[in-house]
1. Projecting each Cα onto the charge dipole of the chain (Lys/Arg +1, Asp/Glu -1 at the beta carbon, about the Cα centre), which of 74, 279, 122 comes out farthest on the positive side?
2. Express in % the proportion of alpha carbon pairs of the range 140-286 at distances exceeding 25 Å.
3. Among all the lysines, which ones have a C-alpha under 29 Å from residue 341's C-alpha, if same-chain residues fewer than 8 places away are not counted?
4. Taking the alpha-carbon distance from residue 57 and a cut-off under 15 Å, which aspartates and glutamates remain once sequence neighbours fewer than 8 residues away in the same chain are dropped?
5. Between residue 321 and residue 4, what is the spin-label point distance in nm, taking each point 7 Å from the Cα along the Cα→C-beta axis?
6. Taking the Cα centre of the range 1-62 as origin, work out the dipole magnitude from +1 charges on Lys and Arg Cβ and -1 charges on Asp and Glu Cβ, in debye rounded to 20.
7. Any idea which of 144, 229, 62 is furthest toward the positive side of the dipole for the range 56-298, if Lys and Arg beta-carbons carry +1 and Asp and Glu beta-carbons -1?
8. What residue among 333, 117, 363 shows peak mean-square fluctuation when the chain is described by a Gaussian network model with Cα springs under 10 Å?
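Read-outs: derived from the displayed coordinates by stated rules, not from any lab. Predicted, not measured: the structure shown is a model, and the values here were computed from it. Cβ atoms come from the backbone with ideal geometry, glycine included; neighbour counts cover every protein chain shown.
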Amino acid sequence: MHELIAKADRFHMNTYARFPIVFAKAAGTKVWDVDGKEYTDFLSGIGALNLGHCPPKVVDAFCAQARQLGHVSNLFYTKPQIELAARLGELGGGRVFFANSGAEANEGALKLARRWGKTKFSPEKTGYITALNSFHGRTLATLAATGQPEKNRLFEPLPAGFKHVPFDDIAALAVAMDDKTCAVMLEVVQGESGVRPASADYLAAVRRLCDERQVLLIFDEVQTGFGRTGKFFAFEHGNVRPDIITMAKSLAGGFPIGAIIARDEVAAAFSPGDHGSTFGGGPPVCAAALAALDVLNGERLVERAATVGEYFRARLEALAEETGSIEEVRGLGLMLGLTLKSADARQVVVALLDKGFIINSVGDSILRFLPPLIITEAEINAMLAVLKEVLEA
Ligand SMILES: Cc1ncc(COP(=O)(O)O)c(C=O)c1O
């Protein structure tokens, strides 16, 4: 392990604050490092493995398709891409574009909204509003969309046209919106800033405001999609439908993919040449996504996320009472966060890694849990017993 990490330190760009662990194999909720130590995963990549590690039906579908037809240009059709577009299009009520990641899905959605605003209304209708503490990706435009000034400042000048408003504050959004706004983009539950769900009233008010002012509503479901919050998409917790949905992470059960679904009338703003991708929607990853959707539905994992999520949340709340070191527990389904009273979150993560549990911290004091939706109550109890010991220590 040490030799490999020394090699990485010499040749990797220094972009991740990595833990000194090299993983070698995984199955379900378990991962093993190169020395054979076993870990239970409460992070799922970062929400990219809702079905668990190496889900056999998904891996089989990917491999079989890779052997038969691995890649052709998007100047041609393939059956897996057509079938997946039909499946997602019916689900999301619209038309689909495939990318390779969450940032790319959001980048495409931003381009589509701008094209819609310019062609349908005026050349000036090009502005975006997103929320403070949001996270939408790391390309220049999605970084500009990300409402974290300390991250953004390092890369200025960023693409123009983005305003950030406090999350869950409809008055602030109404003030920021003007004739130049083409879209509002929001996470239904802010993930990277520490698991913060929007209120149902806020989302309904955002929808009304967007309708009144002819502004598109984009929900970034990259982290919240595919059952994570106990509904297929997180917006289904309320009554609000967006005009555009972006997704990635767990869509193909752990293989890299991104996708945009837009209402037909909005999708019509794109013409050939306006947007594209060499690898987006390739046959193997689409075959994997079709299999992943089958597993998600067949094994009723969305419902499972809701019930096991409730159990997990109740246990976290009990832990808060028992230890007195937790300020708040929040989240939806199996997307859960807790705020510590101290700034020791990373230390807690390191202590749990030592004991064989992968959890995550955001900022100095928030712990985040995004386990595979197949996590068991026994695994939750085992992790929480260790977390309790660590918090007490
Ligand atoms: C809500 C949200 N949007 C976008 C992204 C970016 O996705 P990717 O890392 O696949 O580009 C993430 C990644 O964490 C995310 O959580």
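1. Value: 74.
2. Roughly 33 percent, once rounded to a whole number.
3. Reachable lysines: 151, 355, 388.
4. 294, 299
5. Result: 4.3 nm between the two label points.
6. Dipole of the range 1-62, to the nearest 20 debye: 100 debye.
7. 62
8. 363
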